[in-house]
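Quick notes on the structure that follows.
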Amino acid sequence: MFDFLGKMNDIKSKMEETKQKLEQAEIHAISSNGKIQVTVNGNRKLLDVKVDDDFYAHASKNELVETLKEAINEAANKSDVIMKEQMKSATAGLLPNIPGLNMD
């Protein structure tokens with residue numbers, strides 16, 4: 001019983017450490033046309049948006065919005081991958097192999 005509680009404390013500690021690492025991580029994504037770059041942290045918080053001046057001046061509102069959504073979604077997807085990798089690494093050897101609890 002105490003071994004289990006110790007492992008739970010280890011998991012909690014590792015998860016907090018991982019959360020802090022993810023908060024500090026910066027993930028960049030660029031739209032497919034290269035006109036918008038966004039930066040998010042490992043917890044998917046939007047940190048920065050850079051828009052090409054010429055694109056901003058000449059793009060339609062719809063084109064600007066769609067390009068922005070594309071870049072944000074790409075950054076969020078990258079963040080998700082990094083988050084899963086970090087969580088899997090943090091819990092390696094600490095969680096039992098429970099069916100249905102897949103960290104992949």
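What follows draws every value from the coordinates through simple rules; no lab data is involved. All of these numbers come straight from a predicted model, not from anything done at the bench. Glycine also receives a Cβ, built like all others from the backbone with ideal geometry; neighbour counts cover every protein chain displayed.
Partner aspartates and glutamates whose Cα lies under 15 Å from the Cα of LYS61, excluding those fewer than 8 positions away in the same chain, are identified as ASP52, ASP53, GLU70. Each label point was placed 7 Å from the Cα along the Cα-to-Cβ direction; for ASP52 and GLU23 their separation is 3.6 nm. Once the convex hull of all Cα atoms in segment 1-41 is built, its volume per residue stands at 50 Å³. If we count every other residue with Cβ under 15 angstrom of LEU46's Cβ, Lys/Arg +1 and Asp/Glu -1, where does the sum land? Spelling it out: positives minus negatives among the neighbours equals -1.
Taking ALA92, ALA25, ALA75 in turn, the Gaussian network model of the chain (Cα-Cα springs below 10 Å) assigns the largest fluctuation to ALA92.
For Cα pairs less than 8 Å apart in space and 6+ apart in sequence, what is the mean separation divided by the residue count of segment 19-89, i.e. the relative contact order in percent? Reported as a whole number, the value is 34 percent.
On the basis of the beta-carbon distance and an R0 of 35 Å, LYS78 and ASP3 show a calculated FRET efficiency of 0.40. Angle check, please: helix 2-24 long axis (alpha carbons) against the longest principal axis of the chain (alpha carbons), in degrees 0 to 90, nearest 10. In the chain, helix 2-24 runs at an angle near 20 degrees to the longest axis. Please report, to two decimal places, log10 I(q)/I(0) for the chain at q = 0.10, 0.14 Å⁻¹ as given by the Debye formula with identical point scatterers on the Cα atoms and no solvent. Cα-only, vacuum Debye calculation for the chain: -0.41, -0.64.
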